[in-house]
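Worksheet: one structure, shown below.
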Amino acid sequence: MEQRIGSSSQPLEGAGFDPAFIPGLTSPGSGEPEDAKPADAGREEPEPEPEQAPEPADEAQDEPSADGPVFEAADRRARIVADHRGVRLALDDQECEFRWDEIGAVETETPRFGKRFTVTVHTPERRWYYLEIEAASRSRFAEWETALDAVLDAYFEDGAAGDAGDEADERDDGEAAAS
């Protein structure tokens with residue numbers, strides 16, 4: 001029978017014993033000195049040959065050229081772009097893009113006081129995403145409204161209005177046939 005001398009419990013790890021340990025964010029320290037070299041550090045591996053990366057295709061080549069209207073508004077942190085591809089919202093390093101078929105409605109709001117122009121994109125799943133742009137002056141609101149309306153008129157198709165018109169045409173045809 002073998003007996004060990006000393007404690008059989010493992011040392012505890014965590015923030016109570018290692019102030020640099022944050023669960024989920026960093027891994028616990030290994031206990032080895034930082035200047036220690038791994039055992040296979042003496043062997044040199046051949047460097048892999050650089051692969052030829054495919055040339056990034058220009059977006060203009062993939063999509064038809066759009067000569068239509070474009071709405072763009074930006075301040076020091078936020079940016080809104082609406083064009084033939086859809087609506088793109090960006091705040092600092094966060095971005096989201098909505099294609100026109102993913103958009104249920106686009107709403108704008110201007111405050112009574114202040115210089116923040118708000119654009120809200122509503123999706124068919126009853127979610128909404130908004131972004132506020134700070135204008136240099138309140139006179140920019142009218143320019144932005146006009147430019148955004150031009151883009152929405154050119155690219156945004158309201159599916160509900162088209163369906164209601166089709167149903168009205170069918171009722172008119174049915175009434176004419178009954179007469």
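With a sphere of radius 15 Å drawn around the Cβ of Ala135, what net charge do the other residues whose Cβ falls strictly inside it have (Lys, Arg +1; Asp, Glu -1)?
Combined, the nearby Lys, Arg, Asp and Glu give +1.
How much accessible surface does Glu143 have with a 1.4 Å probe, in Å² rounded to 10?
Accessible surface of Glu143 is approximately 100 Å².
Compare Tyr129, Tyr155 by solvent-accessible area with a 1.4 Å probe and give them largest first, with all protein chains kept in place.
Correct descending sequence by accessible area is Tyr129, Tyr155.
The values are calculated or read from the model by the stated rules, or taken from the named source; none is laboratory data. Quick caveat, the model's predicted, so the values are computed rather than measured. Glycine also receives a Cβ, built like all others from the backbone with ideal geometry; neighbour counts cover every protein chain displayed. Just so you know, the surface numbers come from the protein's heavy atoms only, side chains and all, with ligands and any DNA or RNA stripped out. Shrake-Rupley method; radii C 1.70, N 1.55, O 1.52, S 1.80 Å.
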